[in-house]
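Peer 1: Quick one: the structure is below, questions incoming.
Nothing in this text is a laboratory measurement; each read-out follows from the coordinates by a stated rule. Keep in mind the model is a prediction, meaning the values are calculated, not measured. Note that we place each Cβ from the backbone using ideal geometry, even for glycine, and neighbour counts take in every protein chain shown.
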Amino acid sequence: MTTATRSRARTQSVSPLIAAPAVVGFSFLVLPLVAMVVRAPWRDMAALLSQGNVRSALLLSLECATIATVVSVVFGVPVAWVLARARFTGLGVVRACVTVPLVLPPVVGGIALLLALGRGGIVGRWLDQWFGLSLPFTSAAVVVAETFVAMPFLIISVEGALRTVDRDAEEAAVTLGASRVAVFTRITLPAIGPALAAGAILCWARALGEFGATITFAGNFPRTTQTMPLAIYQAFQLEPSAAIALGLVLLLVAVLVLASLRDRWLRTPVNL
């Protein structure tokens, strides 16, 4: 197909029957975001974001989301490898359990964390008795809640990439004497690098915006567990302008995440 033909194919006219609902759908999705930008208190933005509670919520959100992403990479990549490469009875059940947090209401996830890791939980009671460790309503609980809801995004991304890696190259390296660790670090990991980066970015963004599981398992205590979504919820009831300012920060993060993933997920090549 010539360049001119490709150009015509890409610029073909759209039927009004498709264009009309498309415009309505696009407007429905974009209008609230535009309204937030238009109604934002731009003159007071710096002052609002520099307030003590707002600044601490920003810093805590960035810190906890980053730690949650690191934890997700450390434990999520091995889980993805097992899902992609291992074969055992019950693999489908394991995969379903791993992906449940994607569709589980976050508040339910927070309740589940309390029942598991709370002071009276099936694991939390032993943590409290043996080590004097109580997770709920601490900064560590924020990381736990964010990891719980965000890790599946990384696992799904990495699992899909692992399924496309050339297994022949890995087996050839093993035949030549390379250890499994060397094969993973020198062949497999570079091959899944883009997917791992995309999954980590999505994981970080999801952790940054987590609300339900955090407020249920960690609470909403300023300077301790109050992240940006929780601060927005509280500020909207007391100081809406501060809520809008914080909301714009999360909106900017979302735009940056989508821009960074554009070449991998949002651009579909034409192969004709």
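Peer 1: How high is the relative contact order of the range 44-263? Use alpha-carbon pairs under 8 Å, at least six apart in sequence, and give a whole percent.
Peer 2: On the way: 274 pairs, mean separation 70.1, N = 220.
The normalised contact order for the range 44-263 reaches 32 percent.
Peer 1: Compute the orientation-averaged projected area for the range 83-240 from the convex hull of its Cα atoms and round it to one decimal in nm².
Peer 2: Its average projected convex-hull area is 12.5 nm².
Peer 1: Gap in Å between the Cα centre of the range 20-62 and the Cα centre of the range 71-123?
Peer 2: Centre-to-centre (Cα) distance: 32 Å.
Peer 1: Assign unit charges at the C-beta atoms only (+1 for Lys and Arg, -1 for Asp and Glu), then state the dipole size of the chain relative to its Cα centre in Debye, rounded to the nearest 20.
Peer 2: Computed charge dipole of the chain: roughly 520 debye.
Peer 1: Under a point-charge model restricted to the Cβ atoms of Lys and Arg (+1) and Asp and Glu (-1), what is the dipole moment magnitude of the range 129-272 relative to its Cα centre, in debye to the nearest 20?
Peer 2: In debye, rounded to 20, the range 129-272 gives about 120.
Peer 1: Here's something else I'd like to know. At SER260 and PHE75, where each label point lies 7 Å from the Cα along Cα→Cβ, what is the point-to-point distance in nanometres?
Peer 2: 2.2
Peer 1: Going out from 0 in 10 Å bins, what whole percent of all Cα-Cα distances in the range 18-144 drops into each bin?
Peer 2: Distribution as computed: 10, 20, 28, 24, 14, 3, 0 percent.
Peer 1: Name the helices (complete DSSP H segments) of the chain with a Cα length along the long axis of 24 Å or more and a Kyte-Doolittle mean of at least -1.0, or state none.
Peer 2: 16-38, 52-85, 139-162, 189-208, 240-260
Peer 1: Output the Cα-based Rg and Dmax of the range 106-152 in Å, rounding Rg to one decimal and Dmax to a whole number.
Peer 2: Rg and Dmax of the range 106-152, Cα atoms, are 10.4, 31 Å.
Peer 1: What does the extension gain come out to for ARG167 and ARG43, with contour length at 0.36 nm per residue minus their alpha carbon separation?
Peer 2: Length gained, ARG167 through ARG43: 39.0 nm.
Peer 1: Which three extents, in angstrom, do the Cα atoms of the range 74-115 have along their principal axes, listed largest first?
Peer 2: Projected onto the principal axes, the Cα atoms of the range 74-115 cover 33, 23, 18 Å.
Peer 1: Please report, in Å, the Rg and the Dmax of the chain, where both are computed over Cα atoms only.
Peer 2: 22.7, 73
Peer 1: If you don't mind, there's one more thing I want to ask. Along the Cα-to-Cβ line of LEU59, 7 Å from the Cα, sits a label point; which residues in the range 194-225 have backbone N less than 12 Å from it?
Peer 2: Residues 223-224 qualify, since their backbone N sits under 12 Å from the label point.
Peer 1: Continuing with the same structure: Evaluate the distance, in nm, between pseudo-label points positioned 7 Å from the Cα of ARG180 and of SER241 along their respective Cα→Cβ axes.
Peer 2: If labels sit at ARG180 and SER241, their model points lie 6.1 nm apart.
Peer 1: Could you rank the peptides 143-151, 209-217 by their average count of other C-beta atoms within 10 Å per residue, with the highest value first? Walk me through the intermediate numbers first.
Peer 2: Details: 143-151: 26.3, 209-217: 24.3.
For the peptides 143-151, 209-217, the packing ranking is 143-151, 209-217.
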